[in-house]
Amino acid sequence: MFEFVLRMLAFGGACLPARGMRAVPEQLANGLSRPVQLSTPVDAVTSTTLCVGGEQREHAAVVVAVDAPSAGRLVSLPPLTGTRSVTFYFGLKEPAPVLDPLIILQSYGQESSQPDEGKARVVNIGFPSIVQPSYAPAGHVLAAITIMGPAVLDETWVRSEVQRILGVDCSGWRHLRTCDIAYHQPTQVPLVPPAEVPCEVDGIFCCGDHRADPTLDGAMRSGRRVAEAIIKALRQH
């Protein structure tokens, strides 16, 4: 898994869409013949029906393509642990301390000031607006600091960690927003080869990073596998 991800980052062309990651599903939806219905919670599913707002809707096939906790509320999945992340966003008036389109990883050369070492730590720092200027407020550079661990850390500690890692004074950076994601992605554990993961759960098609590997690529490949399985099943039927 490590070798795969390293290869994708080393040889692949990484990008940041101007509209954010939402541009990926928007691009997929643009190719559909029917409109996508948004903000519509699904109450229950079977292999051929959706229950939405008490209404049963019949379909040739049903696909559950959501994160693991949401999928577990609709189909019978084994318990799956996940990681948590918190990202602090800051606006900088001055140029970014790193001008190359890089993600700066944590350094362990100097101990963190976090008292409960190992439970929460800065894992990377990036300046996304260097790649995609539309991400930053007008006249600013955007800084993104991501922390992994169970605790939601305070802004003062985050600033001290940035100063420790980058060696810059960030006291003048303007805090814009904090995104606390309780379920960031499935925990990286020894994986079952994706080809051995069934495309169906309780007779319902199911895909996502939790059905392959916890990467964007894994989620997309899982979706393709399920799509191919549906085409095959419908043709046989």
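Okay, here's what the table says:
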item: Hey, Ser33 hydroxyl-bearing (Ser, Thr, Tyr), within 21 Å of Cys207 (Cβ to Cβ) and part of a loop (DSSP other than H, G, I, E, B) or not; result: yes
item: Residue in the stretch 133-141 that is aromatic (Phe, Trp, Tyr) and in contact with a helix residue (DSSP H, G or I) (Cβ under 9 Å, 6 or more places away or on another chain) present; result: yes
item: Any hit, the stretch 194-216, residues being assigned to a helix (DSSP H, G or I), surrounded by fewer than 18 Cβ atoms within 10 Å (Cβ to Cβ) and in contact with a strand residue (DSSP E or B) (Cβ under 8 Å, 6 or more places away or on another chain); result: no
item: Any hit, the stretch 181-193, residues being part of a helix (DSSP H, G or I) and among the small types (Gly, Ala, Ser); result: no
item: Any hit, the stretch 17-26, residues being touching a Cys at 6+ places or on another chain (Cβ under 9 Å), modelled with pLDDT of 90 or more and not in a strand (DSSP E or B); result: no
item: Subset of the stretch 191-225 [more than 20 Å from the chain's Cα centre (by Cα) and of a type outside the set (D, E, K, R)]; result: Val192, Pro193, Ala195, Val197, Pro198, Cys199, Val201, Gly203, Ile204, Phe205
item: Residue in the stretch 163-178 that is over 24 Å from the mean Cα position of the chain (by Cα) and closer than 30 Å to Ala65 by Cβ present; result: no
item: Qualifying residue in the stretch 53-63 (condition: free of Cβ contacts under 8 Å to residues at least 12 places away in the same chain, more than 27 Å from Ala227 (Cβ to Cβ) and assigned by TED's automatic domain parsing to the domain that holds Leu153); result: no
item: First in the stretch 1-26 and in contact (Cβ under 8 Å) with a residue 12 or more places away in the chain and in the same structural domain as Arg224 (by TED's automatic domain parsing), second anywhere and in a helix (DSSP H, G or I) and polar (S, T, N, Q), Cβ under 6 Å, 6 or more apart; result: Ala18/Ser134
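The values are calculated or read from the model by the stated rules, or taken from the named source; none is laboratory data. It should be emphasised that the depicted structure is a prediction, and the values quoted were computed from it without experimental measurement. Methodologically, a virtual Cβ is constructed for each residue, glycine included, from the backbone with ideal geometry; neighbour enumeration extends over all protein chains shown.
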